[in-house]
Amino acid sequence: MNSPASCINRAVAPGPRRWVASFRAALLLLIAIFISLLTRPAAAQDYLLTNDDSFSNGVSFFTIGSGGALTFAMEIPGPGLGIGGGLFGMARVVAVNSGGTQCIFASEAFTNDVFWIVPGSGIAGGSAPGSQSDVGSANGIGLAANAQYVYASFSSSNTIATFQIQSACSLVFLNDVAVSGLNGGLIDGMALHGSILIASYADGSIESFNISSGTPVSNGDKQNSTASAGGETYPNGIDITQDGHFAVFGDTSTSDVVEVSDISSGHLTQTVVYSTHSGISSSNVLLSPDETILYISNNQGDVVTAAFFDNNTGQITRGCTSTKVRNYVQAWSYLGGMALQQISGNGGGVFVAEFGAPSTIAALNLTVKGQKCTLREASDSPTTDEYSRGLLSLGRFPPRQF
């Protein structure tokens with residue numbers, strides 16, 4: 001006859017099979033919780049992203065405080081290597097919402113791949129190369145993305161590769177298409193909206209593609225921009241209005257030149273030229289969230305421009321030029337890409353990449369009163385990006401939504 005004690009012992013000490021089953025169930029629960037933490041959107045914190053584009057490549061995260069104050073949060077190393085330079089107009093880091101998961105993608109030009117990060121994971125999830133012929137080691141790899149696909153412009157091979165976004169932000173290479181400017185130029189900047197992808201070439205020409213089926217198919221509208229007729233300027237960086245009505249090109253030039261094309265028909269039209277300030281070059285442009293301001297990075301000088309933009313007509317009018325950005329020549333040599341300080345209104349100003357070793361990030365604050373504005377560097381600017389020896393591209397997380 002069993003004693004009460006022996007019965008109690010059997011109740012609290014199950015046999016080996018039941019213990020293993022319980023352990024497996026607990027382990028599966030822990031794995032499920034871990035996966036949900038990786039794939040859910042990160043906490044409501046805004047971050048500035050940098051593609052450090054160095055031989056110790058990775059993406060640095062900076063928290064954004066009031067007045068554009070930046071605080072370094074972490075750096076996530078990439079699996080490959082960057083080149084520390086290249087064309088201004090290329091966006092080397094992008095963030096996108098794919099199927100409810102926030103994803104960050106960054107290019108690595110030396111190893112010819114694109115790697116991905118699930119925010120909150122703290123690690124690079126992996127990388128995907130293009131085809132064996134896709135090479136970007138000369139002037140970089142630019143990126144553009146939507147919820148389904150990432151497009152990569154490989155500058156050396158003059159190809160646009162299409163990657164499909166899978167679960168947990170992983171990428172699968174689908175195919176690539178060969179491209180070239182009218183004058184033999186290299187693929188440069190890219191931007192997309194809806195079913196249209198627009199590219200610039202480093203020779204004065206531009207082209208649009210239909211991406212409704214994923215792979216870019218030329219719309220047959222390759223053309224030289226209006227401003228490039230003189231031979232001393234060519235479109236570089238690109239932004240597109242939220243309604244897909246206008247494409248705005250920042251030009252590499254000896255002055256400040258911006259061009260606008262009406263793309264409401266789904267094709268590029270002849271560009272209209274605007275020259276609003278006396279900055280040197282204007283290769284990177286960025287529209288404010290409310291599209292009242294067009295920010296212009298004067299790459300080969302020491303100022304940033306804020307021009308007024310009319311999203312109904314595409315017209316650009318004179319706004320203001322920043323004070324001289326600190327430490328030009330002494331610490332950095334070029335201004336690069338930009339990111340918005342705020343994701344509403346006129347953006348409140350921008351962050352600007354400063355190409356140096358190490359590189360730095362300037363914060364420019366915007367004040368608008370009627371048809372007048374001021375753009376001044378914040379008192380605690382610049383912020384050092386310790387991991388970069390050739391910073392050209394900035395990103396914003398969470399991503400801008402259309």
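Any read-out appearing in this document is the output of simple, stated calculations on the displayed coordinates, not a laboratory observation. Since we're looking at a predicted model, the values are computed, not measured. Note: ideal-geometry Cβ built from the backbone for every residue, glycine included; neighbour counts use all protein chains shown.
Compute the helix-to-body angle for 16-39: its Cα long axis versus the longest principal axis of the chain, expressed 0 to 90° and rounded to tens.
10 degrees
Local charge sum around GLN315 (other residues, Cβ-Cβ under 14 Å, Lys/Arg +1, Asp/Glu -1)?
Spelling it out: positives minus negatives among the neighbours equals -3.
Please give the FRET efficiency for ALA147 paired with ILE280, using the beta carbon to beta carbon distance and R0 = 25 Å, rounded to the nearest 0.05.
0.10
Once both labels are modelled 7 Å past Cα along the beta-carbon direction, what's the ASN175-SER56 spacing in nm?
4.2 nm
Extension gain ALA73-SER265, at 0.36 nm per residue separation less the Cα-Cα distance, in nm?
Difference between extended and current length: 64.8 nm.
At a Cα cut-off below 19 Å, give the lysines reachable from LYS324, other chains included and same-chain residues fewer than 8 away excluded.
Cross-link targets: LYS372.
Find the centroid of the Cα atoms in the stretch 280-346 and in the stretch 355-402, then give the distance between the two in whole Å.
10 Å
Would you list, by chain and number, the aspartates and glutamates whose Cα falls below 15 Å from the Cα of LYS222, excluding same-chain residues fewer than 8 positions away?
ASP188, ASP203, GLU207, ASP262
Considering only C-alpha atoms, what is the centroid distance from the stretch 61-116 to the stretch 213-253, in Å?
Going from one Cα centre to the other spans 24 Å.
Let me make sure I get this right: for the stretch 46-397, a, b and c are the square roots of the gyration tensor eigenvalues over alpha carbons, sorted descending. Under 1.5 in a/c it's rounded, otherwise prolate if a/b > b/c, else oblate. Which is it?
In terms of gyration-tensor shape, rounded.
Sticking with the crude label model, points 7 Å out along Cα→Cβ, report the distance from ASP46 to SER133 in nm, one decimal please.
Result: 4.4 nm between the two label points.
Assuming a ≥ b ≥ c are the square roots of the Cα gyration tensor eigenvalues, decide whether the stretch 84-209 counts as rounded (a/c under 1.5), prolate (otherwise, with a/b larger than b/c) or oblate.
Because a/c hits 1.5 or more and a/b exceeds b/c, the stretch 84-209 counts as prolate.
Between ASP310 and THR367, what is the label-to-label distance in nm when each label sits 7 Å out along the Cα-to-Cβ direction?
Those two pseudo-labels are separated by 2.8 nm.
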